[in-house]
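Worksheet: the structure to be examined is printed underneath.
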Amino acid sequence: MSNKKEKIAAKQKENAFLEGSVFGALIRFALPVLGALILQAAYGAVDLLVVGQFGDASSISAVGTGSAFMQMVTFIITSLAMGSTVIIGQHIGEKKPKEAGNAVGTTVVLFALLGIVLTVLLELFAGNIVRILQVPEASFDQAVTYIRICSGGILIIIAYNVISGVLRGVGNANLPFLFVGIACVVNIVGDLLLVGVFQMDVAGAALATVLAQLVSVAASILVLRRQSLPVAFSLSQCRIYAVELKKILNVGVPIALQETMVQISFLVINSIINEMGLMPSAGYGVAQKIISFIMLVPSSVMQSVSAFVAQNIGAGKKDRAWKGFFTAMATGCSVGIVIFLAGFFGGAQLSSVFTKDAEVIAQSADYLRGFSVECILTCILFSSIGYFNGCGKSIPVMVQGITSAFCIRIPVSVFMSRLPNASLMLVGLATPVTTVYGILFFAICFAWMRRRMKELI
């Protein structure tokens, strides 16, 4: 027992989040997170890439819409798992390994139940979902097929994201990177075989994705059995602990609800663009795959800030948490400028990676020109979200997400799409406009927090 405690204490001591260079700690954590996100985004991108080479515009539209929906589901799961990441991180900062283990056990049971429910619902209502998204008739059946096959692997998707969330909560971002790397390799091989060789088209792409994630989860379980983590956890703790469940849900539900609303707003935009015709739909599908990569830098920043702030708040180091927030924001914006230039001026070149169709490439590049400034703005927004999540104050995040989605992004997108000579560039501008609102929202929240702190002193 004493040896176990010594190992846990050693792991806690090694945790760079709580001491040393703030920039160094964030970079060491953010880079493998970014790598994992890049490879995770590559799932859908590889699907679209291979289908774009062997299929036609209807296949591209089906995979674009189907993977966008599945990406939404994955983002919601990841957002809910952020509650576990934050609570586990806070327990680590408080030097409470047993409570951290209880949080892990609660997380396992909670997400297993969620996976079962989601599998049933998505299998039953895949057709209704595709109809709501107004997928072009030529792509309808293929989109349904893609969603149903991917839905069959929801439990696998959840397992990967839960394992990754737990590991990031204890400050380990390297193992999630390893696991998703394995999945990406398997997915590429699977796509080439099932789509390229066996001509299974959209169904082959979806099946390759599920099989890849299955291999990743199997590998993660094997590796974790040999790891020493700073939590006191055993299989007997795989049950619901009411105290930990409340904490996880208090943080995770508002984040998940916010992400749900944001993703629904993007699906509404997808539906709006689908109404514009097959070529805009296919172009938007390609653009979204590129954007899924573009947005990885701010997403890795957000996850890093959340984990960093959670542990430092738990350890009572509020000034260090605040410094981490500003450091992450400045770093993210610096990289965001480079990505903005690539998206604005090189949209056609980036789009040509996914398809040979000149009209689809032109439509995709048009959307990217309108969207590209988001690459800078969103680093500020996501750093703010990461800070509030790490503090366990997810209500402002939820309010911002809901109001921005339904009061700004959707109305602006509808307005832009109905202008004379409407283009995807105009629709693309809706997202950066929305982000400006989000930045102003959090600026007000930060000002209010600082005033409250002064009043309490």
Near pairs, Cβ below 9 angstrom, 6+ apart or cross-chain, from region 347-369 (farther than 22 Å from Thr431 by Cβ and in contact (Cβ under 8 Å) with a residue 40 or more places away in the chain) to any residue that is surrounded by 15 or more Cβ atoms within 10 Å (Cβ to Cβ) and of a type in the set (Lys, Arg): none
From Ala232, Ala219, residue being among the hydrophobic types (A, V, I, L, M, F, W, C), at pLDDT below 85 and farther than 18 Å from Phe111 by Cα: Ala232
Check on Asn250, crowded, with 20+ Cβ neighbours inside 10 Å and either at pLDDT 85 or above or not β-branched (Val, Ile, Thr) (or both): no
Residue in region 168-182 that is within 23 Å of Phe29 (Cβ to Cβ), of a type in the set (Lys, Arg) and either without any contact (Cβ under 8 Å) to a residue 12 or more places away in the chain or in contact with a Phe, Trp or Tyr (Cβ under 6 Å, 6 or more places away or on another chain) (or both) present: no
Candidates Pro280, Pro254, filtered to the one that is more than 30 Å from Glu359 (Cα to Cα) and in contact (Cβ under 8 Å) with a residue 24 or more places away in the chain: Pro254
Matching residues, region 306-362, being within 12 Å of Tyr387 (Cα to Cα) and within 22 Å of the chain's Cα centre (by Cα): Ser306, Ala307, Phe308, Val309, Ala310, Gln311, Gly324, Phe325, Phe326, Thr327, Ala328, Met329
Residue that is surrounded by the most Cβ atoms within 10 Å (Cβ to Cβ), among those in region 119-139 that are in a helix (DSSP H, G or I) and in contact with a helix residue (DSSP H, G or I) (Cβ under 6 Å, 6 or more places away or on another chain): Ser139
Residues of region 353-372 that turn out to be part of a loop (DSSP other than H, G, I, E, B), of a type in the set (Val, Ile, Thr) and surrounded by fewer than 24 Cβ atoms within 10 Å (Cβ to Cβ), as a count: 1
Residue satisfying all of: in region 285-328; among the charged types (D, E, K, R) and farther than 22 Å from Phe69 by Cβ; surrounded by the most Cβ atoms within 10 Å (Cβ to Cβ) among these: Arg320
Whichever residue in region 175-201 is small (Gly, Ala, Ser) and at pLDDT below 90 and, among such residues, is surrounded by the fewest Cβ atoms within 10 Å (Cβ to Cβ): Gly196
Condition met for Phe345 (closer than 16 Å to Ile291 by Cα and surrounded by 16 or more Cβ atoms within 10 Å (Cβ to Cβ)): no
Any chance Glu94 is under 26 Å from Ala242 (Cα atoms), of a type in the set (Asp, Glu), touching a helix residue (DSSP H, G or I) at 6+ places or on another chain (Cβ under 7 Å) and modelled with pLDDT of 85 or more: no
Selected residue [surrounded by fewer than 19 Cβ atoms within 10 Å (Cβ to Cβ), part of a helix (DSSP H, G or I), touching a residue at least 60 places away in the same chain (Cβ under 8 Å) and over 18 Å from the mean Cα position of the chain (by Cα)] from Phe442, Phe446: Phe446
Wholly within region 378-429, helices (runs of 4 or more DSSP H) carrying at least 3 residues that are more than 20 Å from the chain's Cα centre (by Cα) and within 14 Å of Ala443 (Cα to Cα): none
Evaluation of Thr355 against (1) in contact with a Ser or Thr (Cβ under 6 Å, 6 or more places away or on another chain); (2) modelled with pLDDT under 90; (3) of a type in the set (Ser, Thr, Tyr) (one fails), failing number: (1)
Selection status of Phe340, closer than 19 Å to Val309 by Cβ and aromatic (Phe, Trp, Tyr): no
Residue in region 143-159 that is assigned to a helix (DSSP H, G or I), farther than 30 Å from Asn128 by Cβ and in contact (Cβ under 8 Å) with a residue 40 or more places away in the chain present: no
Residues of region 19-70 satisfying the condition of being under 30 Å from Met276 (Cα atoms) and outside any helix (DSSP H, G or I): Gly55, Asp56
Residue selected from region 202-243 under the condition crowded, with 19+ Cβ neighbours inside 10 Å and polar (S, T, N, Q), by the criterion nearest to Ile156 (Cα to Cα): Gln213
Of residues in region 4-35 being surrounded by 15 or more Cβ atoms within 10 Å (Cβ to Cβ) and at pLDDT below 50, the one farthest from Met295 (Cα to Cα): Ile8
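The values are calculated or read from the model by the stated rules, or taken from the named source; none is laboratory data. Note that the structure is predicted; figures quoted are calculated from it, not measured. Heads up, the Cβs are rebuilt from the backbone with ideal geometry, glycines too, and the neighbour counts pull from every protein chain shown.
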